Amino acid sequence: MRDGASNEELIAVVGQAVGRKKKQHAGMSNLPSMKNRPMILIAPHENEPVQEPTKTATSNVNSEQAQLTHVDHQGQARMVDVSDKAWTIRRARAQATVWIGPEAFHLVAENQIKKGDVLKVAEIAGISGGKLTSQLIPLCHPIALHQLRVHLSLDSINHCVKVESEAVTRGPTGVEMEALTAASVACLTIIDMVKAVTREAEIRNLQLVSKSGGTRGDFNRTKNDNVPFRC
């Protein structure tokens with residue numbers, strides 16, 4: 001366009017282009033009320049209120065249910081005050097498995113482990129450990145247990161030992177941790193008893209099975225929880 005054109009001719013061409021541009025953009029002050037706005041409008045009109053992005057509604061969670069009871073309002077650990085809670089019969093069951101492998105399993109089944117009867121020793125250890133729960137887990141209440149049972153059985157297909165525990169009391173707080181601690185200590189005892197034969201033993205699927213009593217209702221683990229009782 002520059003080639004052979006004088007400055008006067010260039011000024012005239014630019015002037016014509018600016019004039020066409022003004023026509024195309026006429027009515028810009030009416031843009032906020034126009035149905036089809038041109039692409040040129042990339043910001044709201046100075047008199048148009050800016051709309052905040054719509055917030056997605058979220059379900060309200062009961063703060064009492066979501067609150068960690070062992071943490072106070074300052075975020076400090078605390079022991080829960082249960083003095084005003086009703087005294088009811090509380091029960092809890094827990095379970096776990098210990099995989100020990102075929103060689104150790106054969107020796108346990110035949111009672112050939114040099115340390116002694118693995119199942120009987122682990123059962124007694126589980127009961128003793130469950131009674132010491134409040135000394136092992138700092139914020140647990142000392143509880144007078146009315147019953148603490150630990151039962152062990154052998155799974156010959158998977159070469160593992162199944163551990164089941166149950167704790168019962170009558171008081172203001174539950175015994176879930178007592179049942180879980182009893183099962184845990186029994187599992188650890190099994191590993192200690194067979195470690196001379198195998199160091200690959202594993203504790204698997206330690207879990208609470210059920211609990212009853214208390215204001216929060218009962219709990220029963222269902223088959224849909226995807227944590228089956230197996231090795």
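Heavy atoms of the protein only, probe of 1.4 Å, neighbouring chains included. What is the accessible area of residue 131 in Å², nearest 10? Probe radius 1.4 Å; accessible area of residue 131 about 140 Å². When each of the peptides 177-189, 193-205 is scored by how many other beta carbons lie within 10 Å of its residues on average, the order from highest to lowest is 177-189, 193-205. Projected label points at residue 110 and residue 218, each 7 Å from Cα along the beta carbon direction, are separated by 4.5 nanometres.
Sparsely packed loop sites in segment 78-138 (the GluC sites (Glu not before Pro) outside DSSP H, G, I, E and B with at most 16 other Cβ atoms within 10 Å) comprise 110.
Summed over the residues of segment 90-213 and divided among them, the accessible surface reaches 48 Å² per residue at a probe radius of 1.4 Å. A cut-off under 13 angstrom between Cβ atoms defines the neighbours of residue 189, and their net charge, with Lys, Arg +1 and Asp, Glu -1, is 0. Charging the Cβ of each Asp and Glu at -1 and of each Lys and Arg at +1, and nothing else, the dipole of segment 73-139 about its Cα centre rounds to 220 debye. What's the local net charge at residue 123, with K and R +1, D and E -1, over the other residues with C-beta under 11 Å away? That sum, taken over residues with Cβ under 11 Å, equals 0.
In units of the rule-of-thumb radius 2.2 N^0.38 Å, segment 90-213 shows an alpha carbon radius of gyration of 1.06. How big is the dipole moment of segment 90-213 about its Cα centre under a simple scheme where the beta carbon of each Lys and Arg is +1, that of each Asp and Glu is -1, and everything else is neutral? Debye, nearest 20, please. Using Cβ point charges on Lys, Arg, Asp and Glu, segment 90-213 gives about 400 debye. With contacts taken as Cα pairs under 8 Å and at least 6 residues apart, segment 90-213 reaches a relative contact order of 47 percent.
Overall shape: prolate for segment 78-155, with the ratio a/c of the largest to smallest alpha carbon gyration tensor axis at 1.5 or above and a/b above b/c.
The values are calculated or read from the model by the stated rules, or taken from the named source; none is laboratory data. In this text, all values refer to a predicted model and were calculated from it rather than measured experimentally. Here the Cβ is made from the backbone with ideal geometry for all residues, glycine too, and neighbour counts use every protein chain on show. Note: accessible area is taken over every heavy atom of the protein model, side chains too, but ligands, DNA and RNA are not part of it. Shrake-Rupley method; radii C 1.70, N 1.55, O 1.52, S 1.80 Å.
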